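The values are calculated or read from the model by the stated rules, or taken from the named source; none is laboratory data. Source: prediction; values computed, not measured. Cβ sites come from the backbone with ideal geometry, for glycine too, and all protein chains shown count toward neighbours.
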Amino acid sequence: MSARTVKLVEIAERVLVDNDQVATGVRSRLEAAGVLAVNIIAGPGAGKTSLISRMLAALGGRARVGVIEGDISGSVDTARVLAAGAADAVQINTGGNCHLEADMIERALADLDLSALDLLFIENVGNLVCPTHWRLGEHVKLCLVGASEGDDKPLKYPEIFAVSDVVVLNKIDLIEFVDFDHARFVESVRALNRNAPIFEVSCRSDAGIDALAGWLQAQRKRLGEDFQCASR
């Protein structure tokens with residue numbers, strides 16, 4: 001029994017290693033095109049598509065934005081982001097897989113003109129567990145949680161909060177109507193991740209949206225500067 005367990009662990013590790021190799025290639029392609037990729041990870045109903053739509057409006061003419069939508073099935077969200085102003089969008093249906101993988105992103109890039117984009121949002125499948133360790137070639141791993149989901153999400157799903165580059169608390173306009181302890185949420189995030197900025201937004205009222213859009217613009221500028229330095 002112990003030998004079988006070790007074999008299973010080795011297989012799982014090899015799958016992740018293979019995924020990471022593809023992710024490295026994806027990231028290289030994005031950087032060569034000067035495109036910042038943001039992997040949005042959240043549970044169902046947290047507001048992933050709404051956040052992307054609000055970012056599209058906030059960025060306006062300052063950035064050309066593409067979107068890769070990941071869902072078990074359907075293309076409703078792709079239609080939404082295109083209607084909201086995305087320069088281009090590609091739908092990935094996983095057919096039951098609970099997360100996106102790097103090879104899926106690699107294939108999706110073939111349908112995007114990266115030379116016409118500055119920023120690429122990747123909306124992962126709604127899940128705070130499975131997508132955590134699957135690198136997609138992104139530059140920013142964004143963890144999104146809605147206030148209506150409760151303040152205990154960092155305690156229940158610590159790994160995603162620990163590895164995220166930025167944490168976004170959505171639906172802050174609902175805090176006074178739901179059982180959400182704001183201080184507890186922030187303390188729980190900080191116990192896991194001291195460095196990731198925490199943005200508080202409402203996709204309904206647009207509160208905090210401009211601040212997050214500004215931060216993403218700064219990350220895109222930094223990517224361009226880093227790429228120029230590396231090419232000298």
Check your understanding: If you check L128, L112, which single one turns out to be touching a residue at least 40 places away in the same chain (Cβ under 8 Å) and more than 15 Å from the chain's Cα centre (by Cα)?
Key -> L112
Exercise for review: Output the number of residues of the range 150-163 satisfying the condition of being under 13 Å from A191 (Cα atoms) and of a type in the set (G, A, S).
Suggested key: 1
Review point. Within the range 8-16, is even one residue within 23 Å of the chain's Cα centre (by Cα), of a type in the set (A, V, I, L, M), modelled with pLDDT of 95 or more and surrounded by fewer than 19 Cβ atoms within 10 Å (Cβ to Cβ)?
Key: no
Check your understanding: Could we say that F161 is among the aromatic types (F, W, Y), more than 30 Å from G61 (Cβ to Cβ) and part of a loop (DSSP other than H, G, I, E, B) here?
Key -> no
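Within the range 17-36, identify whether any single residue is hydroxyl-bearing (S, T, Y) and modelled with pLDDT under 95, and answer yes or no. Even if it seems obvious, please write down each step before you answer.
Pass one, the range 17-36, residues hydroxyl-bearing (S, T, Y): 24, 28.
So of that shortlist, the ones also modelled with pLDDT under 95 come out as none.
Among the residues of the range 17-36, not one is hydroxyl-bearing (S, T, Y) and modelled with pLDDT under 95, which makes the answer no.
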**Study point:** For E149: the one exception among (1) of a type in the set (D, E); (2) touching a residue at least 40 places away in the same chain (Cβ under 8 Å); (3) closer than 21 Å to A102 by Cβ
**Key:** (3)
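Which residue out of S53, S75 is hydroxyl-bearing (S, T, Y) and either touching a strand residue (DSSP E or B) at 6+ places or on another chain (Cβ under 8 Å) or at pLDDT below 95 (or both)?
Result: S75 is the single residue among S53, S75 that is hydroxyl-bearing (S, T, Y) and either touching a strand residue (DSSP E or B) at 6+ places or on another chain (Cβ under 8 Å) or at pLDDT below 95 (or both).
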Revision key, fill the gap. Output for Cβ contacts, cut-off 7 Å, separation at least six or different chains, first residue more than 17 Å from L142 (Cα to Cα) in the range 183-206, second surrounded by 20 or more Cβ atoms within 10 Å (Cβ to Cβ), reads R184/D151; D206/R54
Exercise for review: Name the residue, out of A211, A196, that is assigned to a loop (DSSP other than H, G, I, E, B) and surrounded by 13 or more Cβ atoms within 10 Å (Cβ to Cβ).
Suggested key: A196
